[in-house]
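First comes the structure, then the notes that go with it.
The values are calculated or read from the model by the stated rules, or taken from the named source; none is laboratory data. Because the structure is predicted, anything quoted here is derived from the model rather than measured. Cβ atoms come from the backbone with ideal geometry, glycine included; neighbour counts cover every protein chain shown. Areas reflect the complete protein model, heavy atoms only, side chains present, ligands, DNA and RNA absent. Shrake-Rupley method; radii C 1.70, N 1.55, O 1.52, S 1.80 Å.
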Amino acid sequence: SAKSSGRNTWKFFSRRLMERVVEGRQIDDGLRRALDERQLMLHYQPKFRLRDGALCGCEALLRWHHAEWGWVEPERIIRSAEASGLIVPLGRWVQQQAVAQAVQWERAGYAHCAIAINVSALEVMQADFAAFLQQQVAAAGLAPQRLQLELTESALMQDLPGAAETLRRLSMSGLSLAIDDFGTGYSSLSYLAELPIDLLKLDRSFVHHIDDAAPRRQTLLHAVLTLAENLGVLTVAEGVETAAEAAFLQDAGCAQGQGFHYSRALDADSFTQRYLATPA
Ligand code: C2E
Ligand code: MG
Ligand code: MG
Ligand code: MG
């Protein structure tokens, strides 16, 4: 009957929920240890100028290899770290690593490769987020232009006035700011007028098979690129997987591309070898 199937459904959901709680706790315990034991690392995915293929910088992406579980998906790590608050120390670790890497590249003469780091809503909402980051950059003697922050629309919308204040401060000190997964946040666009944004990263959903897409999807892409251009904001297409997508995006006026068509994220040594030590 409907009633008993309803009850089974409830059981099913509650068990799934339970599993997620347990999974979250396990990831969290593991993550605490991983932070202590240095099992975490950042990999770097390059971004290229579409016009001529020049390297524009890279994005730092969190990687965790657990002795038993193998590679843990970043989205699961972030989800569980956000739920527990561990995202704050984790985020600080990411900042430290990225700053150290940027300094190392700067010293080696590869100063043109800025590093973008991903930042969660909870991190930006910390009252000392800007101060902590500025302090690390200053302590390392890094030019703030070498760092970029990627924030999602939904992260900003949690507390727009607060985020705006934080971002204005960071922007004034020379860091650049990107909206990640642009077009997926279901938010009003008005924040674009309020915030000192340097770059829009068009979500993969705009990019996927865009060369072969329905005219209305292509029109939407053109409109977003025009909007960005008129705002004086650079555009990056994320998730570029084919040469045809890259060609279409370039014709449409998108400035930069990132995706498996060019490269996956690489460990720092491989990235250095492939993109910095050997001139393109
Ligand atoms: P994101 O910032 O939008 O990063 C892009 C994701 O798409 C990365 O997944 C990247 O590996 C993947 N990707 C890149 N090119 C392609 C492509 O051509 N096709 C497809 N299908 N995927 C592509 P990843 O590394 O699994 O990270 C997932 C998400 O986890 C990130 O999305 C970001 O939101 C979050 N994340 C990763 N590292 C950090 C971090 O250090 N801090 C925070 N707060 N979030 C992070
Ligand atoms: Mg990102
Ligand atoms: Mg993204
Ligand atoms: Mg994403």
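Some values worked out for this structure:
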quantity: Residue-normalised accessible area of the stretch 130-272, given per residue in Å² at a 1.4 Å probe; calculated: 46
quantity: Antiparallel DSSP beta bridges within the chain, as percent of all bridges there, nearest 5; calculated: 40
quantity: Paramagnetic reach from GLU75 in the stretch 177-221 [backbone N under 11 Å; point 7 Å along Cα→Cβ]; calculated: none
quantity: In sequence order, calculated HN-Hα J values of the stretch 231-237 (Karplus, 6.51, -1.76, 1.60; Hz; x Gly/Pro); calculated: 7, x, 10, 6, 10, 10, 8
quantity: Net charge over other residues, Cβ less than 11 angstrom from the Cβ of ASP267 (K, R count +1; D, E count -1); calculated: +2
quantity: Whole-Hz couplings from phi, Karplus 6.51/-1.76/1.60, listed for the stretch 240-245; x for Gly and Pro; calculated: 6, 10, 9, 5, 5, 4
quantity: When the convex hull of its Cα atoms is projected in every direction, mean area for the stretch 131-233 (nm²); calculated: 7.2
quantity: Along principal axes, Cα extents of the stretch 44-137, largest first, whole Å; calculated: 42, 34, 25
quantity: Cα gyration tensor, the stretch 191-273 - rounded (a/c under 1.5), prolate or oblate; calculated: oblate
quantity: Whole-percent carbon and sulfur share, accessible surface of the chain, 1.4 Å; calculated: 52
quantity: Length released on extending from PHE132 to ALA244, taking residue separation times 0.36 nm less the Cα-Cα span; calculated: 36.1 nm
quantity: Spin-label model distance (nm) - ASP267 vs ALA67, 7 Å beyond Cα toward Cβ; calculated: 1.9
quantity: Relative contact order [Cα under 8 Å, 6+ residues apart], the chain, whole percent; calculated: 18
quantity: Kirkwood Rh and Cα Rg combined as Rg/Rh, the chain; calculated: 1.00
quantity: Cα gyration tensor shape for the stretch 78-181, rounded if a/c is under 1.5, else prolate or oblate; calculated: prolate
quantity: Amide proton proximity set for ALA116, modelled H, under 5 Å, gap of 5+; calculated: CYS58, GLU59, ALA60, GLN148
quantity: Cα-based convex hull volume of the stretch 107-165 per residue, rounded to whole Å³; calculated: 83
quantity: Calculated over the stretch 225-277: convex hull of Cα atoms, volume per residue (Å³); calculated: 90
quantity: Potential extension, ARG32-SER188 segment - 0.36 nm per residue separation minus Cα distance; calculated: 52.5 nm
quantity: Distance-filtered residues of the stretch 240-275 - backbone nitrogen under 17 Å, label point 7 angstrom along TYR110 Cα→Cβ; calculated: 263-275
quantity: Value at 222 nm in deg cm²/dmol, rounded to 500, when DSSP H runs of n ≥ 4 in the chain each add -39,500 (n - 2.57); calculated: -15500 deg cm²/dmol
